[in-house]
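What follows is one structure encoded as structure tokens, with my remarks underneath.
The values are calculated or read from the model by the stated rules, or taken from the named source; none is laboratory data. Computed from a predicted model, the values in this text were never measured in an experiment. Counting neighbours? That spans all protein chains shown, and the Cβs are built from the backbone with ideal geometry, glycine included. Each accessible area value is taken on the protein alone, full model and side chains, heavy atoms only, with ligands, DNA and RNA left out. Shrake-Rupley method; radii C 1.70, N 1.55, O 1.52, S 1.80 Å.
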Amino acid sequence: MKKGIVIALIGINTLAMMVLTFYLMKLPWLAGDEKFLIWATTVMDFSNRDRPESEDFALINTSYDLQLIDRYDEFGFPIGNQAITDRQKLTRLLEVINNGEKKPKYVIIDIHFVDSTAYDEGLATQLGQLDNVILSAHINDEGVLEKPLFEEINYGISDYLIGSAFDGVYKYQLIYEDSLKLLPLKVHEALDGNESEKQGPFVKLGSAWTLNNFIMNYRILQKDIYDLDAGFNPVSMGELLYLSDEDVQNFTSDKIVVIGDFFENDMHETVLEITAGPLILLNAYLTLHHGDTIVNFSFLLLMTAAYALLSYLVFVEGDIIENYINRISGKKLARYLAGFASYLILLTLLSLVTYWLFNIHINVFFMAVAFYLMDRFADLIFYKSS
């Protein structure tokens, strides 16, 4: 082929693969093999984990503070009982916090407020007196937003991946259906002062850009909240209420307070370990706060250069591994597998680099398929006669 045509094809293919990359990044799921890559790179970087100061957070556990209320069927008839978080204790806790001179920096309440109780009026009063508070909302199985009972109180969606079949929390979504913001994003807006707006596969945070679905950087692990030396141990709500009001206020003042089930009924598989839902929400906020997944010019420049090189291999037949296999094996299947492996290996190395430099993974498997199919197509069209 003429040099000008080759350069044009490389440019077009590079642009197309960049578009495909960001399309795959915005999807809420991963290929199976990519989970291992994500796990491996995360573990390798584990020793450099930047864990925040525990003094900035107060974690309050509600796993063992439950009350029974009536359960009703779809026609409104009582059919038994169900356990929910004890709202009388929660009301008392918030009352103590509100009576303190120094309030919390922010209060995240990861509790599903759907069913009514006799204590809701008092709880609503205490929630209304908090300056910075957010409640969890959920998307039900029909795709409808279930707002908390206390609709005047700020709330955000706390589901991790919405509307997709998945077997763990590997990616986190920031905005659902272009307008519904998830809880960590709302916390980031309030604490960091960055307004957010969804634009295509990206979310604009102030002047920066991040992916709408991103792989989280876990700064606080579930094992940290079991480790007494780490200082993140959640205090059970009932135990906290045995303390004096002053002690409770000192425990929560000027901190990010997270209230939820840290040990029992809200556990999820993540890239490293089984992790409590409230801790996932906190890590998602910390990912945004530290700008871990910001897409900047350097990232785009690296991706463009790497994809231009891979596109050169596609159209100039510079596949080193496949050429080597051609010399030592006459089997067509071996040559095809070697060609795919070339792109898979190179893209894996690229993903390692983007993770260590920018905390961003790329979808290695599907991109390798795309480059290899383009390689076969180019071979069939341009090199068939040779």
- request: Extending each Cα 7 Å along its Cβ direction at residue 301 and residue 115, get the distance between those two points in nm, one decimal.
  value: 5.8 nm
query: Which residues' amide hydrogens lie under 5 Å from the amide hydrogen of residue 263, considering only partners 5 or more residues apart or on another chain, with H built in the peptide plane?
result: 63
statement: What helix-only [θ] at 222 nm does the chain give? Using -39500 (n - 2.57) per DSSP H run of at least 4, over all residues, to the nearest 500, the answer is -14500 deg cm²/dmol
- prompt: Under a 5 Å amide H to amide H cut-off, with H placed in plane at 1.01 Å, what residues pair with residue 146 once short-range neighbours are removed?
  reply: 138, 139, 140
message: Under 16 Å between alpha carbons, and skipping anything fewer than 8 positions from residue 2 in its own chain: which aspartates and glutamates qualify?
response: 317, 379
field: Estimated FRET transfer efficiency when R0 is 22 angstrom, pair residue 269-residue 141 (beta carbons, to 0.05)
entry: 0.65
message: Using a Förster radius of 51 Å, what is the FRET efficiency between residue 23 and residue 55 based on their Cβ-Cβ separation? Nearest 0.05, please.
response: 0.75
task: In a Gaussian network model over the chain where Cα atoms closer than 10 Å are linked, find which of 182, 282, 357 has the largest mean-square fluctuation.
output: 357
- prompt: Gain in length, residue 376 to residue 227, computed as 0.36 nm per residue apart minus the alpha-carbon separation, to one decimal in nm?
  reply: 48.3 nm
message: Before I look further, what does the chain give for accessible area per residue, probe 1.4 Å, in whole square angstrom?
response: 49 Å²
- prompt: Per-residue HN-Hα couplings for the range 201-218, Karplus 6.51 cos²θ - 1.76 cosθ + 1.60 at θ = phi - 60°, whole Hz, x for Gly and Pro?
  reply: x, 10, 10, 8, 10, x, 9, 9, 10, 9, 6, 5, 10, 9, 7, 6, 9, 7
Amide H contacts under 5 Å for residue 203, placed H, 5+ residues apart: 210, 211, 212
- request: Give a residue-ordered list of calculated ³J(HN,Hα) values for the range 243-257 (Karplus: 6.51 cos²θ - 1.76 cosθ + 1.60, θ = phi - 60°; whole Hz; x for Gly, Pro).
  value: 7, 5, 4, 5, 5, 5, 5, 5, 5, 10, 5, 6, 10, 7, 9
field: Estimated dipole of the chain in Debye, rounded to 20 [Cβ of Lys and Arg +1, of Asp and Glu -1, Cα centre]
entry: 2660 debye
- prompt: Put +1 on the Cβ of each Lys and Arg and -1 on the Cβ of each Asp and Glu in the chain; which of 353, 377, 54 then has its Cα farthest toward the positive end of the dipole?
  reply: 377
- prompt: Can you tell which of 16, 284, 124 shows the greatest fluctuation in a Gaussian network model of the chain with Cα springs below 10 Å?
  reply: 16
Leading residue at positive end of dipole, the range 112-154 (Cβ point charges), from 149, 119, 132: 132
query: In a GNM of the chain with a 10 Å cut-off on Cα contacts, which of 297, 75, 358 has the highest mean-square fluctuation?
result: 75
task: Starting from the Cα of residue 26, draw a straight line to each of the aspartates and glutamates and keep only those under 17 Å, dropping any in the same chain fewer than 8 residues away.
output: 34, 159, 177, 178, 197, 292
message: Filter 181/204; 171/223; 103/181; 102/147; 89/255 down to the pairs with a C-alpha to C-alpha distance above 23 Å, please.
response: 103/181; 102/147
